[in-house]
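To keep things clear, I will list the structure first and then write my remarks on it.
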Amino acid sequence: MTNTVLTKTYPPMPYNRKEIRRYAGVSEELPEIEIVMEECIEEVSEKLTYKVCYAEFDISRKNGITDLGFLQTASEDLAKNLDGCRKIVVFAATVGLELDRLIAKYGRISPVKALMFQALGAERIEALCDTFTADILSDREIKPRFSAGYGDFPLEAQKSIFAVLDPARRIGLGLNESLLMSPSKSVTAIIGIK
């Protein structure tokens, strides 16, 4: 199995301030929170990178095993998600290390800003995943993305995803022995294509 791994870099997407507030656990616009959010956006905006690497694979299912082309799994939850699909796109995405640095910095001096950077990071990586999906797969019928660690799809599948995509070299995304990604504002996922 040697499928071509492609890499894309995206320009910054518009911020969804409502989503940032949601990730921060704030249910309404409050002037003091809006000020902190805008300060955080201004501080990080020029420092983020929006990178994705991905590959497409044919898939099959036989005797309760789903063959993803780079990994075989008995995950019933993944099989249900991929029902009716013949192909997948597996991808890794990251917005870079700067948010981790700012979260650590402000964790010591301003917990409110640290929380806002966490929320901002969650919104940024989701925006990147949505942009990538719309860019690459907008003309095809797809299933919702599914990541290692969801349901009964083991987190250990991260090792196979990292082995096939090599995101450390391609986009600067690493995986430690505890299966945590660095930078933390990153995603790996599988998208089924009908």
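The values are calculated or read from the model by the stated rules, or taken from the named source; none is laboratory data. This is a predicted model, so every value here is computed, not measured. Note that we place each Cβ from the backbone using ideal geometry, even for glycine, and neighbour counts take in every protein chain shown. For the accessible areas, the whole protein counts, side chains as well, though only heavy atoms, and no ligand, DNA or RNA atoms are used. Shrake-Rupley method; radii C 1.70, N 1.55, O 1.52, S 1.80 Å.
Points to keep in mind about this one:
- Reported count of residues in region 16-58, each being charged (D, E, K, R), within 23 Å of residue 170 (Cβ to Cβ) and either surrounded by fewer than 12 Cβ atoms within 10 Å (Cβ to Cβ) or within 17 Å of the chain's Cα centre (by Cα) (or both), is 3.
- Taking region 116-130 as the range and being more than 14 Å from residue 189 (Cβ to Cβ) and open to solvent by less than 60 Å² (accessible area, probe 1.4 Å) as the test, the residues that pass are 116, 117, 119, 120, 121, 122, 123, 124, 127.
- A Cβ distance below 9 Å, combined with a sequence gap of six or more or placement on separate chains, defines the contacts here; from region 136-154, residues that are under 14 Å from residue 85 (Cα atoms) reach residues that are open to solvent by 80 Å² or more (accessible area, probe 1.4 Å) in the pairs 140/194; 141/194; 142/194; 143/83; 143/194.
- Scan of region 4-15 for residues that are within 26 Å of residue 90 (Cβ to Cβ) and either without any contact (Cβ under 8 Å) to a residue 60 or more places away in the chain or more than 16 Å from the chain's Cα centre (by Cα) (or both), ordered by number: 4, 5, 6, 9, 11, 12
- Taking region 148-185 as the range and being within 13 Å of residue 90 (Cβ to Cβ), among the aliphatic types (A, V, I, L, M) and either under 16 Å from the mean Cα position of the chain (by Cα) or open to solvent by less than 10 Å² (accessible area, probe 1.4 Å) (or both) as the test, the residues that pass are 148, 157, 161, 165.
- One residue stands out among those in region 3-15 that are hydroxyl-bearing (Ser, Thr, Tyr) and in contact with a strand residue (DSSP E or B) (Cβ under 7 Å, 6 or more places away or on another chain): the one that is surrounded by the fewest Cβ atoms within 10 Å (Cβ to Cβ), which is 4.
- Flag if residue 136 is β-branched (Val, Ile, Thr) and surrounded by 20 or more Cβ atoms within 10 Å (Cβ to Cβ): no
- Filtered by the rule that a residue be surrounded by 13 or more Cβ atoms within 10 Å (Cβ to Cβ) and either of a type in the set (Phe, Trp, Tyr) or in contact (Cβ under 8 Å) with a residue 40 or more places away in the chain (or both), region 78-88 gives 78, 81, 82, 85, 87, 88.
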